[in-house]
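The values are calculated or read from the model by the stated rules, or taken from the named source; none is laboratory data. Just so it is clear, the structure is predicted and the values come from calculations on it, not from any experiment. Note that each Cβ is placed from the backbone with ideal geometry, even for glycine, and that neighbours are counted across all protein chains shown. Each accessible area value is taken on the protein alone, full model and side chains, heavy atoms only, with ligands, DNA and RNA left out. Shrake-Rupley method; radii C 1.70, N 1.55, O 1.52, S 1.80 Å.
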Amino acid sequence: MSRREGGDEKAIRLVPLGGLGEFGLNALVLEWEDHLLLLDAGMLFPSAEMPGVDSIVPDFEYLAARAERVRGILLTHGHEDHIGALSHALHAAPVPVYGSRLTLGFARKRLQERGVRADLRTLSPGEVAEIGPFRVHPIRVAHSVLDSLALAIETPAGVVLASGDFKIDAQAPPEERTDIDALSEWGDRGVLALLSDSTNVERPGLTGSEDDVVPAFEEVFARTRGRVLVSCFATSIPRMQRVADLAVRARRPVAFLGRRMVDNAEVALDLGLLRLAESQRIAPSSLSGGPGGGAVVFVSGSQGEPLSALSLISVGGHRDLAAGPGDTVVLSARAIPGNERTVSRLISNLFRLGCDVVHPGTAKVHVSGHGSQGDLVELLRRVRPRYLVPVHGEYRMLAQHARLAAAAGLPADRVLVLEDGDVLRLSAHEARREARVAAGRVLLDRGGASEVEELVVRDRRHLSSEGIVVPILVVDRQTGHLEGSPEIVTRGIVDADEAASLAEEASRLLAGAMDGRPAEERLDANLTRERVRDELRRFYRRRTQRRPMVIPVVMEV
Ligand SMILES: [Zn+2]
Ligand SMILES: [Zn+2]
């Protein structure tokens with residue numbers, strides 16, 4: 001390896017902005033000298049601990065500060081945790097976006113919704129894309145969404161191979177299968193760094209094939225008299241294809257319900273990536289009667305998202321579809337960590353309607369799209385990289401991926417576990433960590449337009465767990481004395497009866513405490529509020545073991 005002048009050899013820098021050390025919002029910057037590429041721009045759906053937050057995106061400040069040096073954004077596939085923050089990334093750096101046909105199809109819809117224009121350029125396996133000093137070679141990989149890519153990126157300092165989300169799935173049809181020969185060829189040519197998916201690193205063996213779900217669906221179709229509602233991720237086109245094929249064979253018409261499901265099906269049908277004749281499809285409006293009797297309906301909302309089609313159906317509130325006895329609902333997706341309770345409640349509600357519910361806990365109606373240990377080791381053996389950087393996952397997954405690689409024979413000092421904001425400098429001779437950069441997350445309100453401060457979310461969480469007390473005091477402007485007894489409104493602390501008697505007691509306590517104060521304190525509204533807050537906090541903590549939020553209202557008359 002030749003050394004450049006000044007003794008500094010050729011090196012790349014990897015700067016993860018999201019997705020390393022946490023689940024979702026994948027975004028990683030690859031740099032060579034003054035040229036930057038962003039790999040993926042994903043978002044994260046928040047868990048129940050973030051009330052009122054609808055989506056979370058990486059903080060792209062690092063990118064914005066270097067916008068004129070960013071050469072492009074590369075998308076590995078069309079899942080939200082890889083494309084959901086694209087409009088935000090483009091806001092930071094308006095550069096061309098590269099991805100497969102389906103990925104760009106999904107991305108285009110998203111961007112249109114937000115009124116964001118972008119230069120979208122298609123990547124196809126076997127075709128090289130020249131982007132600044134980088135040469136990008138797309139490689140087909142099997143995943144739960146079609147048209148997923150691994151990317152071999154030639155840089156002047158060596159090849160970086162990003163696996164994207166993948167599994168090996170050797171049984172998949174050719175158009176869905178991971179191109180392991182191409183991966184081996186890159187191994188022969190030499191790969192400086194492999195960035196590999198860590199999502200399923202805790203699972204032994206191989207992940208298995210998408211076809212593995214077929215028997216369970218056949219069984220459901222055979223015993224269901226009414227409609228079969230199938231809820232999977234709206235991007236799971238290979239799953240939808242298999243189920244749609246079974247529906248056609250069983251002479252059941254097919255419908256799509258829920259905005260995301262309808263949008264994505266349309267994109268995939270247009271591109272010919274989902275094959276289902278027009279005559280086999282029916283409109284959602286005909287589901288309540290007529291030909292919709294034995295229909296197969298793809299419904300969005302497998303994670304129990306509050307306003308999704310499936311959630312509405314589960315409480316009998318959907319305009320087009322009232323599910324009940326005779327119908328079967330198949331939850332063909334696992335609950336994303338953090339959503340388990342919501343999904344469990346959804347299942348109970350569906351049973352309450354009289355439906356039968358089949359889910360991954362009771363039948364093989366879901367296969368993961370992420371490689372297990374066997375898949376990960378296979379990739380490592382094919383690519384034989386100089387360095388491995390585990391990506392996509394919580395810290396525990398990254399750490400276990402590192403161990404797995406060490407057990408598979410990669411020297412431990414060549415496996416580099418990074419977290420968001422870490423900076424890694426890699427050359428053929430060494431791996432070096434550099435000073436960390438700022439990497440955070442931005443919480444977004446409904447519609448994704450406005451930012452929510454962390455503080456606001458903390459307040460909401462506090463309100464939801466501890467309740468609220470609003471004391472209303474009327475005081476005489478001249479004397480500072482109370483006019484009548486304080487009124488105290490509480491919510492979410494104790495049950496209604498007890499709340500009323502506690503409020504009376506608190507009111508008496510407050511009346512005594514307020515009037516006994518010296519005049520200068522009585523006449524200062526801020527001091528009055530402060531005192532009210534102190535008294536009531538102490539009172540409610542003592543009597544209920546809670547720390548409610550106290551918001552005094554002092555009216556002067
Ligand atoms: Zn992912
Ligand atoms: Zn994915």
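In the chain, the calculated helix contribution to ellipticity at 222 nm averages -9500 deg cm²/dmol per residue, counting -39,500 (n - 2.57) for every DSSP H run with n ≥ 4. I need the fraction of alpha carbon pairs in the chain separated by more than 46 Å, rounded to a whole percent. Counting every Cα pair in the chain, those more than 46 Å apart make up 28 percent.
With the contact rule set at Cα under 8 Å and sequence spacing of 6 or more, what percent relative contact order holds for the chain? Working shown, then result.
Details: 1222 pairs, mean separation 89.7, N = 557.
With pairs under 8 Å counted, the relative contact order is 16 percent.
With the simple spin-label model, which puts each label point 7 Å out from Cα in the Cβ direction, the residue 489 to residue 395 separation comes to 4.4 nm. Of the listed residues 364, 109, the order by accessible area with a 1.4 Å probe, largest first, is 364, 109.
Close amide-amide hydrogen proximity is noted between residue 124 and no other residue 5 or more places distant or on a separate chain, at a cut-off under 5 Å (H modeled in the peptide plane; Pro and chain starts excluded).
Projecting label points 7 angstrom from Cα along Cα→Cβ for residue 435 and residue 508 puts them 6.4 nm apart. Between 0 and 90 degrees, rounded to the nearest ten: what's the tilt of helix 237-249 against the longest Cα principal axis of the chain? The angle comes out at about 80 degrees. 3J(HN,Hα) couplings calculated from phi for region 88-103 with the Karplus curve 6.51 cos²θ - 1.76 cosθ + 1.60 (θ = phi - 60°) are, in sequence order, 6, 5, 5, 5, 6, 8, x, 10, x, 10, 10, x, 6, 4, 5, 4 Hz; Gly and Pro show x.
The residues of region 121-216 expose, per residue, 35 Å² of accessible area to a 1.4 Å probe. Length gained on full extension, residue 69 to residue 408, computed as 0.36 nm times the residue gap minus the Cα-Cα distance: 118.2 nm. Helix 373-383 and the longest principal axis of the Cα set of the chain meet at an angle near 50°.
Summarise the long-distance tail of P(r) for region 389-505 by giving the % of C-alpha pairs beyond 19 Å. Pairs farther apart than 19 Å: 73 percent.
Note that region 476-490 has calculated 3J(HN,Hα) couplings of 6, 4, 6, 9, x, 7, 5, 9, x, 8, x, 9, 10, 9, 10 Hz, one per residue in order, obtained from phi through the Karplus relation 6.51 cos²θ - 1.76 cosθ + 1.60 (θ = phi - 60°); glycine and proline are x.
Cβ under 12 Å from residue 128's Cβ, residue 128 left aside: what net charge do those residues give with Lys, Arg +1 and Asp, Glu -1? Kindly include the intermediate steps, with their values, before the conclusion.
On the way: positive: 135; negative: 127, 130, 154.
Result for the neighbourhood of residue 128: -2.
How big is D for region 62-164, in µm² s⁻¹ as a whole number, if Stokes-Einstein is applied with the Kirkwood radius of its Cα pairs at 4 °C and 1.567 mPa s? Don't jump to the answer; show the numbers that get you there.
Numbers: Rh = 13.9 Å.
So the translational diffusion coefficient is about 93 µm²/s.
Evaluate E = 1/(1 + (r/R0)^6) for residue 498 and residue 520, where r is the Cβ-Cβ distance and R0 equals 35 Å; express this FRET efficiency to the nearest 0.05. It comes to 0.40. Which FRET efficiency, nearest 0.05, do residue 259 and residue 479 yield, Cβ-Cβ r, R0 45 Å? With a Förster radius of 45 Å, E is 0.15.
Projecting the Cα atoms of 350, 265, 26 onto the charge dipole of the chain, computed from C-beta unit charges around the Cα centre, puts 350 farthest toward the positive end.
Rounded to the nearest whole Hz, the Karplus-based 3J(HN,Hα) values (6.51 cos²θ - 1.76 cosθ + 1.60, θ = phi - 60°) of region 73-87 follow the sequence 10, 9, 10, 7, 6, x, 6, 4, 6, 10, 10, x, 10, 4, 5, with x at glycine and proline.
Per residue, the accessible area of region 348-427 comes to 40 Å², computed with a 1.4 Å probe over protein heavy atoms only. A straight line joining the Cα centroids of region 482-557 and region 122-181 runs 64 Å.
Let me check against my output: what whole-number percent is the relative contact order of region 421-493, with C-alpha pairs under 8 Å and at least 6 apart?
Numbers: 74 pairs, mean separation 13.8, N = 73.
Relative contact order of region 421-493: 19 percent.
As a calculated quantity, the FRET efficiency between residue 462 and residue 112 at R0 = 35 Å, using C-beta atoms, amounts to about 0.40. Just to confirm the number: angle between the C-alpha axis of helix 259-270 and the first principal axis of the chain, 0 to 90 degrees, nearest 10? The helix 259-270 is inclined about 20 degrees to the chain. Counting only Cβ charges, +1 for Lys and Arg and -1 for Asp and Glu, the dipole size of the chain around its Cα centre is about 840 debye. Normalising the average separation of contacting C-alpha pairs (under 8 angstrom, six or more residues apart) by the number of residues puts the relative contact order of region 268-413 at 16 percent. Computed about its Cα centre, the charge dipole of region 443-541 is approximately 160 debye, with only Lys, Arg, Asp and Glu carrying charge at their Cβ. Annotation: amide H of residue 489 within the under-5 Å range of 470, 472, sequence separation 5 or more or interchain, hydrogens built in the peptide plane. Put simply, the amide H of residue 98, placed in the peptide plane, has neighbours under 5 Å in 73, 74, 75, 121, leaving out anything fewer than 5 places away on its chain. Remark: accessible surface ordering of 429, 79, 35 (largest first) is 429, 35, 79, probe radius 1.4 Å. Which part of region 359-373 falls in the paramagnetic zone of residue 171, meaning amide N under 15 Å from the point 7 Å along Cα-to-beta-carbon? The answer is 364-369. Here the accessible area is traced with a 1.4 Å probe on the protein chains. For region 104-256, carbon and sulfur cover 46 percent of it.
For region 86-178, the share of DSSP beta bridges that are antiparallel, to the nearest 5, is 85%.
Put +1 on the Cβ of each Lys and Arg and -1 on the Cβ of each Asp and Glu in the chain; which of 399, 233, 131 then has its Cα farthest toward the positive end of the dipole? It is 233, whose Cα lies furthest towards the positive end. Taking 19 Å as the straight-line reach from the Cα of residue 167, the lysines in range (excluding those fewer than 8 positions away in the same chain) are 364.
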